[in-house]
1. To the nearest 20 debye, what charge dipole does the chain have about its Cα centre, counting +1 at the Cβ of each Lys and Arg and -1 at the Cβ of each Asp and Glu?
2. With the contact rule set at Cα under 8 Å and sequence spacing of 6 or more, what percent relative contact order holds for the chain?
3. One-quarter of the Cα convex hull surface for the chain, in nm²?
4. Go through region 119-213 and name the trypsin sites (Lys or Arg not before Pro) that are in a DSSP coil and have 15 or fewer other Cβ atoms within 10 Å of their Cβ.
5. State in Å² the accessible area per residue of the chain; use a 1.4 Å probe, count heavy atoms of protein chains only, and round to the nearest integer.
6. Which value, in debye to the nearest 20, gives the size of the charge dipole of region 83-156 about its Cα centre, when Lys and Arg are +1 and Asp and Glu are -1 at the Cβ?
7. Among residues other than Ala145 whose Cβ falls under 14 Å from its Cβ, what is the net charge (Lys/Arg +1, Asp/Glu -1)?
8. Going by alpha carbons, how many degrees (0 to 90, nearest 10) lie between the helix axis of 3-19 and the longest principal axis of the chain?
Amino acid sequence: MTPAELSRTVLHTVQCAVEADELPAAVPTRVTVRVPPRPGCGDFATNVALRVAQDTGRPAREVAEVLRKRLAAEPGIARVDIAGPGFLNITLDGVSYAELVRGLLSAPPVATPLPLPAPDPALLARLGSDAARWSLLWPAGFDRAELLVQRDSNPLFRVRYAHARTQGLLRNARDLGFRSEAAEPAEYEHTAAAPLLAALADHPRVTAARDAERLARHLDRTAGAFLTWQADRSVLPRGDEKPSAVHRARLALAEATGNVLADGLHQLGITAPAHL
């Protein structure tokens with residue numbers, strides 16, 4: 001389930017609760033879901049109960065409980081928790097994540113390049129094509145010279161390195177004689193994978209917005225989530241260890257990440273290196 005699909009599901013849930021006279025309120029025209037700022041708070045969060053509560057005169061947590069029960073019964077949603085004054089923290093079913101990874105493997109995203117202005121000749125001469133293009137997408141005040149440095153503080157390096165790392169894992173796996181295979185739900189329900197899976201699920205919505213600066217931020221978030229996940233989980237067998245279903249599942253997540261990063265970089269007119 002993508003963020004856009006989840007937003008529609010939440011909106012439909014509110015509509016059903018209003019039509020069933022469980023909530024005497026107007027149905028919002030749209031609902032937003034966001035990735036929680038901290039791990040362990042579900043895959044997505046929404047403040048819709050607080051908004052609806054303003055119409056009902058009832059406590060927001062009471063409204064949240066009505067929506068929680070309905071949302072928890074929706075296909076693709078594993079759990080819904082109420083947090084704080086009435087936020088809904090939504091955890092997706094692992095099957096949805098497995099389907100997401102399978103989809104990114106079987107049909108990698110291929111979006112049309114964005115119509116971006118060409119960097120001026122001085123910027124091209126100073127930074128090169130890739131860094132010059134990226135420099136036009138990052139907030140004002142960012143030290144453009146940083147884009148030439150290969151370290152974690154450089155967002156362009158971080159994104160391109162993450163892509164190269166996915167390709168290196170795939171090459172090494174081929175040398176070991178195994179390929180990626182999307183997992184059963186349990187492997188993708190692990191807390192460490194949640195931020196990465198959420199970023200991958202968000203790619204279609206970000207791409208549809210056709211906003212280059214937003215896409216650059218999304219790629220940086222995806223790369224950061226991948227590098228954190230990969231540092232926490234062993235993707236390839238170690239020593240005399242034989243490749244297992246877990247290794248194939250983790251490799252599938254790495255390959256899916258590489259497909260998303262390559263697509264995003266392609267849209268920005270920036271190369272996606274296989275080696276770095």
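The values are calculated or read from the model by the stated rules, or taken from the named source; none is laboratory data. None of the values given here were measured: they were computed from a predicted structure. In this analysis, Cβ positions are derived from the backbone assuming ideal geometry, glycine residues included, and neighbour counts consider all displayed protein chains. Areas reflect the complete protein model, heavy atoms only, side chains present, ligands, DNA and RNA absent. Shrake-Rupley method; radii C 1.70, N 1.55, O 1.52, S 1.80 Å.
1. Values: 32 positive and 31 negative charges, 109 e Å.
Using only the charged Cβ atoms, the result is roughly 520 debye.
2. Numbers: 415 pairs, mean separation 58.2, N = 276.
Relative contact order for the chain comes out at 21 percent.
3. On the way: hull surface 65.2 nm².
The Cα convex hull of the chain, projected and averaged over all directions, gives 16.3 nm².
4. Values: sites: Arg126, Arg133, Arg144, Arg151, Arg158, Arg160, Arg165, Arg171, Arg174, Arg179, Arg205, Arg210; in loops: Arg151, Arg179, Arg210.
Of the trypsin sites (Lys or Arg not before Pro), the ones in loops of region 119-213 whose Cβ has at most 15 other Cβ atoms within 10 Å are Arg151, Arg179, Arg210.
5. On the way: 13230 Å² over 276 residues.
That works out to 48 Å² for each residue.
6. Numbers: 5 positive and 7 negative charges, 29 e Å.
That gives region 83-156 a dipole magnitude of about 140 debye.
7. Working: positive: Arg126, Arg144, Arg151; negative: Asp143, Glu146.
Residues close to Ala145 contribute a combined charge of +1.
8. The two axes meet at around 0 degrees.
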